[in-house]
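Inspection log for the structure reproduced underneath, given as structure tokens.
The values are calculated or read from the model by the stated rules, or taken from the named source; none is laboratory data. None of the values given here were measured: they were computed from a predicted structure. Quick reminder, even Gly has a Cβ in these numbers, built from the backbone with ideal geometry, and neighbours come from all protein chains shown.
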Amino acid sequence: MLIDFNSEKPIYLQLAEAIEDNILKGIFQEETQIISTTEISVKYKINPATAGKGVNVLVDEGILYKKRGVGMFVSTGARERILKKRRKNFLQDFILPLMDEAFKLGISKEEIIGMIEGRKEI
């Protein structure tokens, strides 16, 4: 996990995304325990409340769940939830703006595909 203290993105959101990344990479498997918020705060030198806020974002999304007195665990189906959320964000943040700009510039779907595949240059 990398935390960029100079980023515009809040630290707690960076932390939540880093945990999601570790779930997608298979580092944290479903139904296994993750690192505690105390360990996170010590390791990354961040406020424990910030670490807790990042973890709670994932609890609210159903990606993690708490076992009282034991710790935080990855929920069953967490990987699929993350993929669904990130694909939706990818569409909204990248594909739709790309399509809008391509339309304005008169770039066809085939030209875009060619650019992506590295076969066509402007």
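Looking across region 62-99, the residues that are β-branched (Val, Ile, Thr) and surrounded by 15 or more Cβ atoms within 10 Å (Cβ to Cβ) come down to Ile63, Val74, Ile82. Just so you know, in region 25-45 the residues that are within 15 Å of Leu2 (Cβ to Cβ) and at pLDDT 95 or above include one that is surrounded by the most Cβ atoms within 10 Å (Cβ to Cβ), and it is Ile27. As a summary of the residue check, Ser41 satisfies the conditions (1) touching a Pro at 6+ places or on another chain (Cβ under 8 Å); (2) within 15 Å of Glu80 (Cα to Cα) except for the one numbered (2).
Condition test on Thr76, is it part of a helix (DSSP H, G or I) and of a type in the set (Val, Ile, Thr)? Considered against the rule, which asks whether it is part of a helix (DSSP H, G or I) and of a type in the set (Val, Ile, Thr), Thr76 comes out as no. In region 100-112, what residues are assigned to a loop (DSSP other than H, G, I, E, B) and surrounded by 14 or more Cβ atoms within 10 Å (Cβ to Cβ)? Correct list: Ile107 only.
Of note, Lys66 does not satisfy the criterion of being within 29 Å of Glu31 (Cα to Cα), free of Cβ contacts under 8 Å to residues at least 40 places away in the same chain and assigned to a helix (DSSP H, G or I). Among the residues making up region 40-62, those that are outside any helix (DSSP H, G or I) and either more than 12 Å from Ile11 (Cβ to Cβ) or polar (S, T, N, Q) (or both) are Asn47, Glu61, Gly62.
Within region 17-43, residues that are free of Cβ contacts under 8 Å to residues at least 12 places away in the same chain sit with their Cβ atoms under 6 Å from residues that are assigned to a helix (DSSP H, G or I) and loosely packed, with under 15 Cβ neighbours inside 10 Å, at 6+ positions apart or across chains, in these pairs: Ser41/Pro48.
Just one of the listed residues (Gly62, Gly69) is small (Gly, Ala, Ser) and farther than 24 Å from Leu83 by Cβ, and it is Gly69.
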